[in-house]
1. Using only atoms on other chains, find how many Cβ atoms lie within 10 Å of each Cβ of peptide A:95-107 and report the average.
2. What does the structure give for A:83-94 when I average, per residue, the other chain Cβ atoms found within 10 Å of the residue Cβ?
3. Just how much of B:K105 is accessible, in Å², when a 1.4 Å probe is used and the result is rounded to the nearest 10?
4. Pairing the Cα long axis of helix A:42-52 with the longest principal axis of chain A, what angle in degrees results, from 0 to 90 and rounded to the nearest 10?
5. With 26 Å as the cut-off, how large is the P(r) tail for the protein assembly as shown, expressed as percent of Cα-Cα pairs?
6. What residue among B:M191, B:M122, B:M180 has the largest mean-square fluctuation in a Gaussian network model of chain B, using Cα springs under 10 Å?
7. Run the label-point distances for A:Y189 please: 7 Å along Cα to Cβ, every other copy, nanometres, shortest first.
8. Report the convex hull volume per residue for chain A, counting only C-alpha atoms, in Å³.
There are 2 protein chains.
Amino acid sequence: MSLPEKTVERLSEYRRTLLDCLNQGKSHIFSHELAALLHNTAVQVRRDMMLMGFTSMQRKGYAIKELIEAIGELIDTSEGLNVAVIGVGNLGRAITGYFQGKRSKLNIVATFDIDPEKIGRMIAGVKCYSLDDFPKLVGDLQISIAILTVPPEHARNIADFVASSGIKGIQNFTTAPLNMPPHVYLEEYDMITSLEKIAYFVKNHQG
Amino acid sequence: MSLPEKTVERLSEYRRTLLDCLNQGKSHIFSHELAALLHNTAVQVRRDMMLMGFTSMQRKGYAIKELIEAIGELIDTSEGLNVAVIGVGNLGRAITGYFQGKRSKLNIVATFDIDPEKIGRMIAGVKCYSLDDFPKLVGDLQISIAILTVPPEHARNIADFVASSGIKGIQNFTTAPLNMPPHVYLEEYDMITSLEKIAYFVKNHQG
DNA sequence: GATGTAATGTTATATTAATAACAATGTTTA
DNA sequence: TAAACATTGTTATTAATATAACATTACATC
Ligand SMILES: NC(=O)c1ccc[n+]([C@@H]2O[C@H](COP(=O)([O-])OP(=O)(O)OC[C@H]3O[C@@H](n4cnc5c(N)ncnc54)[C@H](O)[C@@H]3O)[C@@H](O)[C@H]2O)c1
Ligand SMILES: NC(=O)c1ccc[n+]([C@@H]2O[C@H](COP(=O)([O-])OP(=O)(O)OC[C@H]3O[C@@H](n4cnc5c(N)ncnc54)[C@H](O)[C@@H]3O)[C@@H](O)[C@H]2O)c1
């Protein structure tokens, strides 16, 4: 009953692009226009619209404002989702800083570390807590998503700990593959692998 | 003729895991052992082995050292591939710093920016050049892959510029979707989209 | 009002990837 | 040596995703 993963990804991208269009004063957009802005195809756009049950003004294209709202209905929760960053090193700091200032329904409300130098301080605009306080703060701050940017050798233990504290989703930037229970939605991004894949296809000159 | 993308990704992960195994003194590994370390299945491992044409010691498992080398044959080039980071902000610095110290066949040999404060200095251990010098340095330093971490509003122009200078692969961390000619292998990772996807599946409680 | 057209919504097909099925092979043990 | 077993390599099936095909709609124009 839920949308395909790839469609959800595209909806997120559609929305961001549509917000730009709205700011430029556009009120409607054709499937092929949106497709061109995102380097995919008009058919794909229309198919995604169909899957989410959104229907156009016949012959006028899709109403941008309404579409943005419809995507929001699917992706956002009314109060927003609170996010924690675990491990405030170089990457964790970059991510935390990046999200500050972006007003969205995803708010980084806390960071966690074990380095006493960092605990208690504001890091990239967000308070850093001891990881020991995580279970308590999950409840207090209504945290539902954790971004994992700790050293890879600790990733598994920390992920298990975090998951057992009631988190619903994890974004793992560590190179250590995780194994989560089914009630925790896990998304992994392995930067090294991603680059090595590029290397492979560059080497085997796919073009 | 070339391997499926997903297989290439897994090969990279296999190799990293296998290196750990080798360090622990293991010489052979069964498909189900490797699978368990990576939370995928033995069948998937064997199928990948088949696709890359690697064959086991019957009943003894796969020879780890040889397998690592075989994966290297596919992914690495003998001299290694040189990489540039374009846009040395928070994310670019984190990535550059991360790759320093990792000895691998992927070397970040230069960074580029337009901020005069940064140009000419060492940033995260690598010299920062003016983007204007990029076409020249691509040749001098044999750069074949660019990591794009510039502000999204400039991403398209810079990507076009970089591609026209002879780069073979681009890793785009910008939220701006790119459109590259077929001889440039493009990999995009959109962190916002990735998180919004988690939000969607958390909200729709897939577990 | 018929005709052409530009766009949509939906069904059908093709591609890609994951999973399952299973025969073949070597190993151990009786 | 035969039977039981563990493990592999490969082929077959299923699932997920993207692409294509096409009938339908609304409107413009003659
Ligand atoms: N920096 C990058 O661009 C990059 C690229 C690819 C992968 N990664 C991965 O991201 C992770 C973080 O990378 P980084 O460069 O930020 O590393 P880092 O060393 O700068 O940061 C790690 C942080 O985690 C903290 N930490 C250590 N143990 C902890 C624990 N038990 N609980 C909570 N916090 C703990 C450390 O105090 C430190 O602040 C690593 O797993 C790395 O493999 C990073
Ligand atoms: N920081 C993150 O964790 C994060 C997360 C998601 C996406 N991103 C994306 O990554 C990109 C970089 O993010 P950041 O947080 O590092 O931003 P940042 O502002 O810290 O860094 C941007 C850098 O690009 C340089 N720059 C600007 N114009 C340039 C040009 N024309 N040529 C070369 N360099 C130029 C700036 O001088 C600066 O050093 C952005 O597109 C952002 O959307 C970052």
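The values are calculated or read from the model by the stated rules, or taken from the named source; none is laboratory data. Bear in mind that the values here come from a model prediction, so they are computed numbers and not experimental data. For neighbour counting, all protein chains shown are included, and Cβ atoms are generated from backbone atoms with ideal geometry for every residue, glycine included. With ligands, DNA and RNA removed, areas are computed over all heavy atoms of the protein, side chains included. Shrake-Rupley method; radii C 1.70, N 1.55, O 1.52, S 1.80 Å.
1. Mean number of neighbouring Cβ atoms from other chains: 2.
2. 3
3. About 80 Å², rounded to the nearest 10.
4. 70
5. Here the long-distance tail beyond 26 Å is 60 percent of all Cα pairs in the protein assembly as shown.
6. Maximum among the listed residues: B:M191.
7. 0.6
8. With only Cα atoms used, chain A gives 156 Å³ per residue.
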